[in-house]
Amino acid sequence: MPLGQANSISRKLTWMNMLVSGAVLLLACAAFIGYDMVSFRASVVRNLSIQAQIIGSNSISALIFNDEQSAENTLSALTAAHNITYAGIYSTNGKLLASYTRDANTRVPASPNFSPGQLETHAFENEEVALVRSIVFQGKPTGTVYIKSDLKELDSRLQKYVSIAGIVLVVCLMAALLVSSIIQRSVANPVVQLAEAAKAVSREKNYSVRARRTEGGGELTILVDAFNEMLGQIQENEKALREGRDDLERRVKERTMELENAKKEVEAFSFSILRAKDELERASKFKDQFLSTMSHELRTPLNAVLGFSELLTDERYGPLNEKQQRYVKHIHTGGKHLLTLINDILDLSKIEAGRLQLAIQNVPVPVCFAEVVDTMRPLADKKSQTLLQEAPSDLAVRADSTRFKQVLMNLLGNAIKFTPEGGDIRLLASRRNGEVRVEVRDSGPGIPAEEQQRIFEAFYRIGESAQKAEGTGLGLAITQRLVQLHGGKLGIESQPGSGSCFYFTLPSTETIEAQEVSTIPEKIPAREFGQILVIEDDHAAAHLLQSYLTSAGYEVVLCEQPERALGMAAELQPSAVTLDLIMQPIDGWKLLSALKSDQRTARIPVILVTIVDQQATGASLGADEYIMKPVKKATLLEAIERCLNQRKAIGRTRPILVVEDDAATREFVAELLSTRGYGVATATDGREARAQVAASLPELVILDLTLPEVSGFQLLAEWRTNSRTAELPVFVLTSRDLNSEEREYIRKHAGLLLQKQQPWQETLIAQLRRTLSGVFSEKL
C-alpha cells in the first residue's frame, strides 16, 4: 500500500473528525445558549405577570375607592425586586393612580395602549421588558398594571455561557486531534484494503473475492464482513423476492375471497333493509287506516249518544222523573268524558306516529283568545272563577289556528279544574325578542317541584287529583307535543300555595286582519239575528234577559214600563217579544191580549217568561212560548229561535238535506233541526244524496265525508262543477281527521267545517241561522 495514499486518508479522517466535532460542538453550544436565553426571557415575563397579578389583586379596592395611598403602599413592595425599573397603576380612563421607579430620575411613561377585551400583553424594547395587565373585578375591567424590568441579568448570563462554550470547544478539539492521531492507523489500512478488494470485484465480476478481516469488533470489521457477505446476500435476496412474490399472490387471492364474501353479506343486508322498509311502510299504512277508522267508528256513535242524551232532557219529549234525569246526566257526562279520552288518544297516536299535519298561517292572538275564553267561560262561571284575557291588539303568531286553540283550551281547562271556587285565571300574551310568549296563570294550589316534570307524562295526574278531578291525564302530554311541533317549548313556574303559570313561545309575525274562516264568528251582527223587545218591570230580571240575548248576537230593547209596551211593539216591530205576567200597573195577561188583538202586533211572536205556571192559559191567549223562571240561557235562546224559524218558515219551502250514513247521527241531526222549525230531508249515502239534489234543490246540505259508494268529497266536487248547484250552501259535519290539503279544499268549497269530536251543535245552529236568514231575506 503506497504510504502517500495512506497519509492522505489519515489526514482526511483527521480533518473530518475535527470539523465534525467542532461543528457539532458549536451547534450544541449555540442551541443550548439560545434555549437558555429564550427560557430566561419567558421566565422574566412570567415573573412580571405574577407580580402584575399580585399588584392588580391588591389594588382593586384602591381603584374602586380611588385610594392613591393604598396603591402606593402596594407598589412599595417592589423595592425588594432589584430588576424592576418602573411600575404603575392606571384607572380605566388612563389616569395614573400610583407609580414606583427604581431611579428617581426615571420619566413616568404615559398610559399604555391596551386593546379592549385583552387581558395581558408584553414587549421587549431598549434592553427592557414591559408588561401590561388588565385588572378585572367581578367580570369588568377596573384598571391597568404597567410594569417594566431591565435585562442586565440576561446579558450577564449570556456572557458567562459564551465563555464556558469557548473553553469547552477548545478542549474538545484538542481531544479530537489526539484521538485521530491514535486511531488513524487502525482505520486507514483496513479502508485501503477494502477499496482494493472492491476494485477487483468491480473489474473482474468475481463475487468470490473476500476482503481480509481486521482484528477487533468495530465498525470496520462489520463493514468488511458486510462486504464479504454481499454476494451471498444478493442470492438470498433474490430467493426472498421470489418467495415474497408467491406469498403476495396468495394473500391477494385470500383478500379477493374475503371481498366477495363481504359483498354477499352486504347484498343480504341490503335485502333485509328493503324488506324491513316495506314492512314499516305497510305498518305505517295500517296505522293510518286504524287511526282513520277509529276516528270515524268511535266518534260517530258517541256523538249520537251525547246528542240523544241531550234531547232526552228537553221537556218537549216528555217529562223525566228525578232518577231518570240523573241517569241521563250520567250518560251524557260519561259520553263526554269518553269522547275526550278518544280524542286525546287519537291525537297522541297521530303525533307519535308523525302523522299530525300543521296548517301554519298567521294567526291573530286576540281573536283566538276571545274564542277560547268564550268557550271556556261557562266552566269558569260554574265555579265562580274570574277568567281574564290580556293581549295586544296587534299581536299575531305563526301557528296552526286549530291546534293553537287546542293548546289554549287544554291549559285553561286544567287551570279551571284545579283552581278552587272564586279563584282567578288569566290568559296573557306578550312579544319578547321576536317571539310571542303565552301564559296561563291561576291562583290554584300550585304544583310541587318533584312533580313538575312528571305532569307532562301521558296518563299522569298530580298526587291526589286522580281521586278529586276528572281527566284522562293526556291533556298536558298532547299540549307539550303540539307546542314542540310548532318549534316552541312548554314550561311551568309554580310553587305550592302560590298558584301556577304554564307558558310557551311561538314565532311572532306581522299583524294581520282577521280573515274569513269556516267557523262561526264570535259575534254576528244583530241585524242578522233580529231585534227582541223585553217587557219586564223588574230591573234585575230585565238585565239578565238582556245579557243572555246580547251575548247570542240579538239586539235588545228594554221596556220597564208595561203601559208603554204596546206602543213600543207597534213602533219597533221586533222579531219577538218576551213578556212577564206579574207587572204593575198592567199585568202580563192584559198586555198579551192587547198584543195579539192589535193588527199591528198580532203576528209578532210572544214568549211568556214568568213564575206563574199557567201554560194552558198562555196558549189560549196566543202566547207562542212559555218559560218558567228561573230562566236558563239555553232555554230562552231555543224558544226565541223556534219562534223566528216558524215565522221564516212561511216563505221557506225547501228543506235542509242531511247526508249521513250513521242512522243514529242522522236522526239526531234531523231532530235537532226540526225542533228549531227547519224542514229536514235525509239521505243515507252518497248516491241517494246525489239523486235528491238532482230531483229537487235543497235549501242547504249538511254533508258527512265518509259515505259508502260515493264519498262526500266526490259529491262536493260534482256540485261545485255543476252550474245548477255551484252556489248550493254546504256544511261539512264529519268525524274524519283531515290533513292540510283536505282542510284547504273544504275551506274553498264549503261554507262551514264541523268535526264531531268537538262541540258543534251550537255552531251549526248559529251558522244556519245566519246563512238561511240571508237566503230568506233575498227571497223576500
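Gln389 satisfies every condition listed in (1) surrounded by 17 or more Cβ atoms within 10 Å (Cβ to Cβ); (2) of a type outside the set (A, V, I, L, M, F, W, C); (3) closer than 19 Å to Gly487 by Cα; (4) modelled with pLDDT of 85 or more except (3).
Take the range 303-331 and flag every residue that is open to solvent by less than 20 Å² (accessible area, probe 1.4 Å) and modelled with pLDDT under 75. First the steps, then the outcome.
The first filter runs over the range 303-331 and keeps only residues open to solvent by less than 20 Å² (accessible area, probe 1.4 Å), leaving 303-304, 306-307, 309, 328.
Selection gives Asn303, Ala304, Leu306, Gly307, Ser309.
Within the range 525-546, the set of residues being over 22 Å from Ile586 (Cα atoms) and at pLDDT 80 or above comprises just one member, Gln531. Within the range 564-579, being open to solvent by 10 Å² or more (accessible area, probe 1.4 Å) and either of a type in the set (A, V, I, L, M) or in contact with a helix residue (DSSP H, G or I) (Cβ under 9 Å, 6 or more places away or on another chain) (or both) holds for Leu566, Met568, Ala570, Leu572, Ser575. Checking each residue in the range 563-577 for being touching a Pro at 6+ places or on another chain (Cβ under 7 Å) and at pLDDT below 90 picks out only Glu563. Here Pro112 passes the criteria (1) in contact with a helix residue (DSSP H, G or I) (Cβ under 8 Å, 6 or more places away or on another chain); (2) surrounded by 15 or more Cβ atoms within 10 Å (Cβ to Cβ); (3) modelled with pLDDT under 85 except the one numbered (1). Among the criteria (1) part of a strand (DSSP E or B); (2) open to solvent by 70 Å² or more (accessible area, probe 1.4 Å); (3) of a type in the set (Lys, Arg), the one Arg157 does not fulfil is (1).
Can Glu671 be described as in contact (Cβ under 8 Å) with a residue 60 or more places away in the chain and open to solvent by less than 20 Å² (accessible area, probe 1.4 Å)? Break it down stepwise before answering.
Working: in contact (Cβ under 8 Å) with a residue 60 or more places away in the chain: yes; open to solvent by less than 20 Å² (accessible area, probe 1.4 Å): no.
Judged against the criteria, Glu671 is not a match.
Is it the case that the range 431-440 has a residue that's open to solvent by less than 60 Å² (accessible area, probe 1.4 Å), touching a strand residue (DSSP E or B) at 6+ places or on another chain (Cβ under 7 Å) and either under 30 Å from Ala634 (Cβ atoms) or of a type in the set (Asp, Glu) (or both)? Yes, some residue in the range 431-440 is open to solvent by less than 60 Å² (accessible area, probe 1.4 Å), touching a strand residue (DSSP E or B) at 6+ places or on another chain (Cβ under 7 Å) and either under 30 Å from Ala634 (Cβ atoms) or of a type in the set (Asp, Glu) (or both). Residues considered: Ala370, Ala380, Ala399. Of these, the only one that is part of a helix (DSSP H, G or I), in contact (Cβ under 8 Å) with a residue 60 or more places away in the chain and of a type in the set (A, V, I, L, M) is Ala370.
All of Ile64, Ile54 fail the test of being touching a residue at least 60 places away in the same chain (Cβ under 8 Å), under 55 Å from the mean Cα position of the chain (by Cα) and open to solvent by 30 Å² or more (accessible area, probe 1.4 Å), apart from Ile64. Here the range 402-430 is the region considered, the condition is being open to solvent by less than 80 Å² (accessible area, probe 1.4 Å) and assigned to a loop (DSSP other than H, G, I, E, B), and the residue that is farthest from Leu388 (Cα to Cα) is Pro420. Residues that are touching a residue at least 24 places away in the same chain (Cβ under 8 Å) and more than 16 Å from Val407 (Cβ to Cβ) were ranked within the range 478-499; the one that is least open to solvent (accessible area, probe 1.4 Å) is Gly499.
Does Ile84 qualify as being under 15 Å from Asp150 (Cβ atoms) and modelled with pLDDT of 80 or more? Show your work before the answer.
Details: under 15 Å from Asp150 (Cβ atoms): yes; modelled with pLDDT of 80 or more: yes.
Yes: the conditions hold for Ile84.
Quick one: would you say Glu352 is open to solvent by 20 Å² or more (accessible area, probe 1.4 Å), among the acidic types (Asp, Glu) and either more than 30 Å from Gly422 (Cβ to Cβ) or at pLDDT below 80 (or both)? Give the steps one after another, and end with the answer.
Working: open to solvent by 20 Å² or more (accessible area, probe 1.4 Å): yes; among the acidic types (Asp, Glu): yes; either more than 30 Å from Gly422 (Cβ to Cβ) or at pLDDT below 80 (or both): yes.
Against the criterion (open to solvent by 20 Å² or more (accessible area, probe 1.4 Å), among the acidic types (Asp, Glu) and either more than 30 Å from Gly422 (Cβ to Cβ) or at pLDDT below 80 (or both)), Glu352 qualifies.
Residue check: Val631 meets all listed conditions (1) outside any helix (DSSP H, G or I); (2) surrounded by 21 or more Cβ atoms within 10 Å (Cβ to Cβ) but one, namely (2). Would a scan of the range 133-150 turn up a residue that is more than 45 Å from the chain's Cα centre (by Cα), of a type in the set (D, E, K, R) and not in a loop (DSSP other than H, G, I, E, B)? Yes, that holds for at least one residue. Just one of the listed residues (Asn433, Asn410) is out of contact with any Cys (no Cβ under 7 Å at 6 or more places or on another chain) and closer than 30 Å to Ser735 by Cβ, and it is Asn410.
State whether one or more residues within the range 644-654 are crowded, with 17+ Cβ neighbours inside 10 Å, among the hydrophobic types (A, V, I, L, M, F, W, C) and either assigned to a loop (DSSP other than H, G, I, E, B) or at pLDDT 80 or above (or both). Before you say what the answer is, go through the steps one by one.
Residues of the range 644-654 that are crowded, with 17+ Cβ neighbours inside 10 Å, as a first pass: 644-645, 647-648, 652.
Among the residues that remain, those that are also among the hydrophobic types (A, V, I, L, M, F, W, C) are: 644.
After this cut, where a residue has to be either assigned to a loop (DSSP other than H, G, I, E, B) or at pLDDT 80 or above (or both) as well, the list is none.
Checked against the condition, which is being crowded, with 17+ Cβ neighbours inside 10 Å, among the hydrophobic types (A, V, I, L, M, F, W, C) and either assigned to a loop (DSSP other than H, G, I, E, B) or at pLDDT 80 or above (or both), the range 644-654 yields no hits at all.
Is there a residue being surrounded by 17 or more Cβ atoms within 10 Å (Cβ to Cβ), without any contact (Cβ under 8 Å) to a residue 40 or more places away in the chain and assigned to a helix (DSSP H, G or I) anywhere in the range 614-628? Checked against the condition, which is being surrounded by 17 or more Cβ atoms within 10 Å (Cβ to Cβ), without any contact (Cβ under 8 Å) to a residue 40 or more places away in the chain and assigned to a helix (DSSP H, G or I), the range 614-628 yields at least one hit.
If you check Glu641 against the conditions, is it touching a strand residue (DSSP E or B) at 6+ places or on another chain (Cβ under 9 Å), of a type outside the set (Val, Ile, Thr) and either crowded, with 17+ Cβ neighbours inside 10 Å or within 30 Å of Gln714 (Cα to Cα) (or both)? Walk me through how you get there before you give the answer.
Values: touching a strand residue (DSSP E or B) at 6+ places or on another chain (Cβ under 9 Å): no; of a type outside the set (Val, Ile, Thr): yes; either crowded, with 17+ Cβ neighbours inside 10 Å or within 30 Å of Gln714 (Cα to Cα) (or both): yes.
Answer is no for this residue.
Cβ separations smaller than 9 Å between residues 6+ apart or across chains give the following pairs from the range 320-335 residues that are touching a residue at least 12 places away in the same chain (Cβ under 8 Å) and in a helix (DSSP H, G or I) to residues that are of a type in the set (Val, Ile, Thr) and open to solvent by less than 100 Å² (accessible area, probe 1.4 Å): Gln325/Thr313; Val328/Thr313; Lys329/Thr313; Ile331/Val305; His332/Val305; His332/Thr313; Gly335/Val305. Of all residue pairs spaced 6 or more apart or on separate chains, those with beta-carbon atoms under 6 Å, a first member in the range 674-696 that is closer than 30 Å to Leu637 by Cα and a second member that is open to solvent by 20 Å² or more (accessible area, probe 1.4 Å) and in a loop (DSSP other than H, G, I, E, B) are Gly679/Pro655; Val680/Pro655; Ala681/Pro655.
The values are calculated or read from the model by the stated rules, or taken from the named source; none is laboratory data. These numbers were taken from a predicted model, which means no experiment stands behind them. Neighbour counts run over all protein chains shown; Cβ positions are idealised from the backbone, glycine included. Note: accessible area is taken over every heavy atom of the protein model, side chains too, but ligands, DNA and RNA are not part of it. Shrake-Rupley method; radii C 1.70, N 1.55, O 1.52, S 1.80 Å.
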